[in-house]
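Accompanying notes for the structure given below.
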Amino acid sequence: MTKNRKQPEFVTGLDIGSTAVRVAIGQVVGDDATGNDAIQIVATVEVPSDGLNRGNITSIENVVSSIANALESAERLIGYPLQNVWIGVSNSDVSSQISKGVVAVAKSDGEISPEDVERAIESAKAVNAPLNYDVLHVLPKTFTVDGQTGIKDPVGMTGMRLEVETQMIHGPTAHLRNLTKAVYRTGVDIEDLVLSVLAVGDTVTTARQKDLGVAVVNIGGPSTSIIIYEDGDVLHTASLPIGSDHITNDLAIGLRTSIDIAENVKRQFDRNILDKIPKREVLNLQDVGAPQAEHIPKQYIAEIIEARVSEILEKVNEEFKRAEREGLLPAGAVFTGGGAMIPGIVDLAKEALCLPAQVGTPVGVGGVSENLHNPAFTSAIGLVKWGATLSKSPRKRRKFGMQSMKVADGVKKFFRSIMP
Ligand SMILES: Nc1ncnc2c1ncn2[C@@H]1O[C@H](COP(=O)(O)OP(=O)(O)OP(=O)(O)O)[C@@H](O)[C@H]1O
Ligand SMILES: [Mg+2]
């Protein structure tokens, strides 16, 4: 690696998924104010992940080697060593709850300062976390000043009593620790841990969509995560233990073939799953890696995929119902994750959810990487955008709940102290 050149400032996103470990590296090139291509992605890397099962780490050694692999490839691409990374957390056991905090305004003239806001949010954190969970994010939703509700930014206002309603997001302590440990073992430093779907949601939607009401649905391998925005804020997050791997399993059983062949059948399926496909259109399993020729009607494959996609969408809709937004999100649903690549999924979603639907691509992010518009990369790219935004603006840091730094810092210090 070149040592004498001055290293440009990179922001690195590391998405440790159950299917793949993905790295995206970006540079801030423009002004956020224009909103257009403020971030350029300069490199993307994908390696198969090992040592993870359903989002949980089952072998630290294997995860470390997958991450090290991905980071080394990325370093070769950019020609510089990587120092800091933003890590995504996509465990299905993340929990979210509403919590309130209240403080007396400190200044005698009653003008609310950023420190008052900080203290109010801090006091909201006092709510009991579920046992063996750590705070990942504290997202302030609205503030109340002396009884006046619905305030978005109280700094500079006058009052005596400041209340805040926040959404607290907790992650399982053991998982966060293992994740942190695995990344430190590769020798890079951690900027922070971010709930993946938050970074994805922020990247594939516009401010206007978030104001109107929009959901982002990330269909991963073993799980599907959901985030709903309204009035510009996070309204609801959820993670469902069902994902695109279930389709592969169904295909393996339905076609009586191996998981690997079933995976190829799914990935290479080139017909819209909603189409009425003529009987004579068949897929030869030998063309997707099977040892012997076997001809399967494509209509049969489409039916298997459609049945499971419908079930996933049904569960997604149940989550919309839970948030009281079933059929009520004017900006619709945006699909991301490897599972969003199934042809016809958007048409099926429009029907099943009674909403506009689309596949998400990053907003305000440019570059020449072929993965820029790959739905499976929205998480890694989202982490770059998240990191770039937060590194620049302490105000945004507060808005996006990065007080969690303190918690993550605790975990980070612990592992740094035991690093070789
Ligand atoms: N071209 C494709 N067509 C259909 N499905 C695909 C395609 N490419 C990948 N997938 C599926 O997408 C899923 C993986 O998605 P993704 O890579 O987003 O998951 P992950 O981030 O590793 O998982 P998680 O976030 O749940 O830990 C797998 O089930 C895979 O089979
Ligand atoms: Mg993922």
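Please tell me if Asp211 is away from ligand 1 (no atom under 16 Å from the Cβ), charged (D, E, K, R), surrounded by fewer than 19 Cβ atoms within 10 Å (Cβ to Cβ) and without any contact (Cβ under 8 Å) to a residue 60 or more places away in the chain.
Judged against the criteria, Asp211 is a match.
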What are the pairs with Cβ atoms under 8 angstrom where one residue, in the stretch 325-345, is touching a residue at least 12 places away in the same chain (Cβ under 8 Å) and charged (D, E, K, R) and the other, located anywhere, is within 8 Å of ligand 1 (Cβ to nearest atom) and assigned to a strand (DSSP E or B)? Sequence gap at least six, or different chains. none
Here are some residues: Ile227, Ile277. Which one is among the β-branched types (Val, Ile, Thr), without any contact (Cβ under 8 Å) to a residue 40 or more places away in the chain, assigned to a loop (DSSP other than H, G, I, E, B) and in contact with a helix residue (DSSP H, G or I) (Cβ under 8 Å, 6 or more places away or on another chain)? Ile277
Would it be correct to say that Val365 is within 16 Å of ligand 2 (Cβ to nearest atom) and touching a residue at least 40 places away in the same chain (Cβ under 8 Å)? no
Out of Thr12, Thr58, report the one residue that is away from ligand 1 (no atom under 16 Å from the Cβ) and either closer than 25 Å to Ile219 by Cβ or within 16 Å of the chain's Cα centre (by Cα) (or both). Thr12
So Phe269 clears everything in (1) in a loop (DSSP other than H, G, I, E, B); (2) within 10 Å of ligand 1 (Cβ to nearest atom); (3) free of Cβ contacts under 8 Å to residues at least 40 places away in the same chain; (4) not acidic (Asp, Glu) except one condition, right? Which one? (3)
Only one residue in Thr166, Thr237, Thr203, Thr248 is within 23 Å of the chain's Cα centre (by Cα), within 16 Å of ligand 2 (Cβ to nearest atom) and part of a strand (DSSP E or B), so which one is that? Thr237
From (1) in contact (Cβ under 8 Å) with a residue 40 or more places away in the chain; (2) over 30 Å from Ser96 (Cα atoms), pick out the condition that doesn't hold for Ile253. (1)
Could you check how many residues of the stretch 56-113 are at positive phi and either among the acidic types (Asp, Glu) or within 16 Å of ligand 2 (Cβ to nearest atom) (or both)? 0
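Here, each number is a calculation from the coordinates, and none is a lab measurement. Computed from a prediction, not measured in an experiment: that's the story for all the values here. Glycine also receives a Cβ, built like all others from the backbone with ideal geometry; neighbour counts cover every protein chain displayed.
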